[in-house]
Amino acid sequence: MPYVQCPLCEDTIHLHVRDSPAEWEAKYIRQRSDSGMPLLICGNCWEALQPGERIVLRAPPAELAASLPIGTEGTVESAAGDAFVAVFGQTQVVIDRSAISRVVEGSSTQH
Ligand SMILES: [Zn+2]
């Protein structure tokens, strides 16, 4: 059964599929991680982020990496397609969807 990784939150998901894993991957997988893991957006990330949602920074823009480390929590202020305006503390940033992850209430960061 195939394992896939979500490119947005980096969770790894184990799927039970009807086809053989090779057939399934040929049908649905278009991208792989650097280590060869099939990439597929997970259910939590598929749902569009809404203004007011809590997010965590996973890939800070280069110019902000010094002041906003990976893992900084923030809030979505507005969304237009894949571009989001997010607020981290006092800093307002226009940021790409792939640079942020939704904070899932009750989820643990320990694996
Ligand atoms: Zn995800």
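Among residues that are surrounded by 11 or more Cβ atoms within 10 Å (Cβ to Cβ) and out of contact with any Ser or Thr (no Cβ under 9 Å at 6 or more places or on another chain), Ser33 is included. With respect to the conditions (1) within 16 Å of the ligand (Cβ to nearest atom); (2) surrounded by 14 or more Cβ atoms within 10 Å (Cβ to Cβ), Leu64 lacks only one, and its number is (1). Of the residues that sit in segment 34-53 and are within 13 Å of the chain's Cα centre (by Cα) and not in a loop (DSSP other than H, G, I, E, B), which one is farthest from the ligand (Cβ to nearest atom)? Going through the qualifying residues, I end up with Leu39. With the checklist (1) at pLDDT 90 or above; (2) surrounded by 15 or more Cβ atoms within 10 Å (Cβ to Cβ); (3) out of contact with any Asp or Glu (no Cβ under 9 Å at 6 or more places or on another chain) in hand, flag the one item Gln90 doesn't pass. (2) is the only condition that Gln90 fails. In a residue-by-residue description of segment 3-26, the property of being under 22 Å from Val93 (Cβ atoms), assigned to a loop (DSSP other than H, G, I, E, B) and among the acidic types (Asp, Glu) applies to at least one position.
One residue stands out in segment 73-101 among those that are in contact with a helix residue (DSSP H, G or I) (Cβ under 9 Å, 6 or more places away or on another chain), without any contact (Cβ under 8 Å) to a residue 40 or more places away in the chain and outside any strand (DSSP E or B): the one that is farthest from the ligand (Cβ to nearest atom), namely Gly81.
The values are calculated or read from the model by the stated rules, or taken from the named source; none is laboratory data. Bear in mind the structure is a predicted one, so any value in this text is a computation, not a measurement. Counting neighbours? That spans all protein chains shown, and the Cβs are built from the backbone with ideal geometry, glycine included.
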